[in-house]
1. Can you compute 3J(HN,Hα) from phi for each residue in region B:141-152, using the Karplus curve 6.51 cos²θ - 1.76 cosθ + 1.60 with θ = phi - 60°, rounded to whole Hz and x for Gly and Pro?
2. So for the protein assembly as shown, taking the charge dipole from beta-carbon charges (+1 Lys/Arg, -1 Asp/Glu), which of A:Val143, B:Ser127, A:Phe103 sits furthest toward the positive end?
3. Can you list the distances in nanometres, one decimal and ascending, from the A:Gly46 label point to the identical position in each other copy, with the point 7 Å along Cα to Cβ?
4. Say a label goes 7 Å from Cα toward Cβ at A:Met1 in every copy; what distances in nm does this one have to the rest, shortest first?
5. Write out the trypsin sites (Lys or Arg not before Pro) in region A:53-105 meeting two conditions: DSSP loop, and at most 13 other Cβ atoms within 10 Å of their Cβ.
6. Applying 1/(1 + (r/R0)^6) with R0 = 35 Å to the Cβ-Cβ distance of A:Lys123 and B:Gln88, what FRET efficiency is obtained, to the nearest 0.05?
7. Can you find, among B:Ser8, B:Thr20, B:Ile48, the residue sitting farthest towards the positive end of the charge dipole of chain B, where Lys and Arg contribute +1 and Asp and Glu -1 at Cβ?
8. Starting from the Cα of B:Lys82, draw a straight line to each of the aspartates and glutamates and keep only those under 13 Å, dropping any in the same chain fewer than 8 residues away.
Protein chains: 2
Amino acid sequence: MIDSVDKSILKLLQSDAKLTIKEIGNKLNLSATPIFERIKRLERSGYITSYKALIDRKKVGLSLMVFCDISLNQHHASHIAKFEKDIQQFNEVIACYHIGGSFDYLIKVVAKDMDEYQNFVSKKLASIDNIRKVQSSFVMREVKTPIGLPIN
Amino acid sequence: MIDSVDKSILKLLQSDAKLTIKEIGNKLNLSATPIFERIKRLERSGYITSYKALIDRKKVGLSLMVFCDISLNQHHASHIAKFEKDIQQFNEVIACYHIGGSFDYLIKVVAKDMDEYQNFVSKKLASIDNIRKVQSSFVMREVKTPIGLPIN
DNA sequence: TTATATTTAGAATATAATTCTATATATTTA
DNA sequence: TAAATATATAGAATTATATTCTAAATATAA
């Protein structure tokens, strides 16, 4: 189990992974050693899964972001596995969630422009059989850009 | 503009921000200085927006993840601004997108359990007037966990 | 081609991470 | 409760990394 100091460390690191151990120690009134040990423990025990640089989507030319609701025809385990394997291979798909409710999958797609997106839908997505329906929702603006998890 | 070396650096850092400058240099057959200078340039020019530690959602007790489609009643600029200001204040909401299409907003919500989620919907969301309709889609499984952007 | 700017390598320095030892704090057990 | 054990911490020492500096190499422009 983790205590409140660990939670504070998680909160700090998910907002800025470049904070030094000394800086974190200053904020939490602890010396370097306990901060260092606690971070290593959080990494080993899987609370911290990775460290990543976040990249500006539009700067790298990906002006379109789209969420697609996907409904399948067949829902047997083998069809599910097949679909998930297929969808992973498209690098336009940057996230994929299996949904319980009115449709089956929600995927997050990025593309350079509408031509590229249209190509993705009509060539790549369409190549997966077993898809019954696709509903695209275009992101006009990111109101709250992913900021990490609420940790209390 | 950025060149292919910069793109390689972006790809490496978005997959693992803990790579040292020397390690990146080894992979790209360059010495430390150019890697260092290029990273600083990518940070200054906004290609790299931040560095973050990723945290295991379930480990920190957030077993529920839900996407909500939200439709508003009023769409004047002032109503839009009001809604966006309100929605940002809920820390359960970890992302919010303004959508063009069949509904208005897509929000990503995390909660400890169904009770907490139900409380969020019926107490917090419901306190925002101007909401016409909310449709919840529960994530059963994350098939492809956000892995960063495709950079070519 | 020559001149200018840009990029790079490699050494030197500064800063941060990591390890180590000893002390303090908390927890367990008799 | 008190002693014993385990856990967490501070501070110094070490190691590794980031950062700066200088000069050479490469590319770009005149």
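Every number here is computed from the coordinates shown, using simple stated rules; none is lab data. Just so it is clear, the model here is predicted, and its values are computed rather than measured. In this analysis, Cβ positions are derived from the backbone assuming ideal geometry, glycine residues included, and neighbour counts consider all displayed protein chains.
1. 7, 8, 6, 10, 7, x, 10, x, 8, x, 10, 10
2. With unit charges placed on the Cβ atoms, the residue in question is A:Val143.
3. In ascending order, 4.0 nm.
4. Result, one decimal in nm: 5.9.
5. Filter output for region A:53-105: A:Lys58.
6. Efficiency for this residue pair is about 0.40.
7. Of the options given, the answer is B:Thr20.
8. Straight-line reach from B:Lys82, under 13 Å: B:Asp129.
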